[in-house]
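Just so it is clear, none of the values below were taken in a lab; they were calculated from the coordinates. Since we're looking at a predicted model, the values are computed, not measured. Using ideal geometry, Cβ is built from the backbone for each residue, glycine included, and neighbour counts are taken over all protein chains shown.
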Amino acid sequence: MAIKTILLMAQTLDGKIAKHSDHFPDWTGKADKRLFVEVTKAAGVLIMGSKTFDTIGKPLPGRKNVVMSRDPRRISRWDNLVYTDLAPRDLLSALASEGYRQVVIAGGTRINTIFMRAGLIDELVVTITPMIFGTGIALFEEGIEAKLALKDFKRLDEERVCLTYRVIDRIGDD
């Protein structure tokens, strides 16, 4: 069974997903938060890196939280949180065998990049928030290029838009 992989991010107009690695995402707005809950609960599982999880501080309810980490000392004390050191393709296979049909990649930059480099992201759902950080953390690390096709766009509120792109082809270093 194939599993659909959606990268779900909010970013500023200058393309930043955070000011720094422990920047709490309280700047994205209520409409983006509602979208995040809707998309991640519909998928049933979200994948994030350990820095992203540490910034949030606890698993998000109502869905399986998968934290990618190479630290074997990390052990979950929650039923809906698992730590894994599986490679992205192996992780998606394991989740598909559990019956998941969609997963959401919820950051950060390193996890986004790992999945994109492996050619595993099918869609990008990006909320544009009307802010400019000037400096900060980008959606991907350098070296990632992709051809995308606009699938949908919608206004989330008076200030934010959501763009959904299908990945046509990933270009870049391997």
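Of note:
- With the cut-off at under 14 Å, measuring from each backbone N in region 65-88 to a point 7 Å along the Cα-to-Cβ line of LYS58 picks out 77-81.
- Residues GLU123, GLU158 in ascending order of nearby Cβ atoms (within 10 Å, fewest first): GLU158, GLU123.
- Footprinting exposure proxy ranking of PHE133, PHE53, fewest other C-beta atoms within 10 angstrom first, gives PHE133, PHE53.
- Pairs of lysines in the chain whose Cα atoms sit within less than 20 Å of one another amount to 23, provided the residues are eight or more positions apart or on different chains.
- Span-like helix ranges in the chain, DSSP H, alpha carbon extent 15 angstrom or more, Kyte mean at least 0.5: none
- GLN102 long-range amide H proximity, modeled H, under 5 Å: LYS4
- Gyration tensor (alpha-carbon) shape descriptor, region 22-124, a/c threshold 1.5: rounded
- Think of each Lys and Arg Cβ as +1 and each Asp and Glu Cβ as -1; about the Cα centre, that makes the dipole of region 41-174 roughly 440 debye.
- Beta bridges by DSSP in region 4-161, antiparallel share as percent, to the nearest 5: 15 percent
- Distant-in-sequence amide H partners of THR129 (H built 1.01 Å from N, under 5 Å): GLN11, THR12, LEU13
- Label point 7 Å beyond Cα of ARG70 along Cβ direction - residues of region 6-30 with amide nitrogen under 11 Å: none
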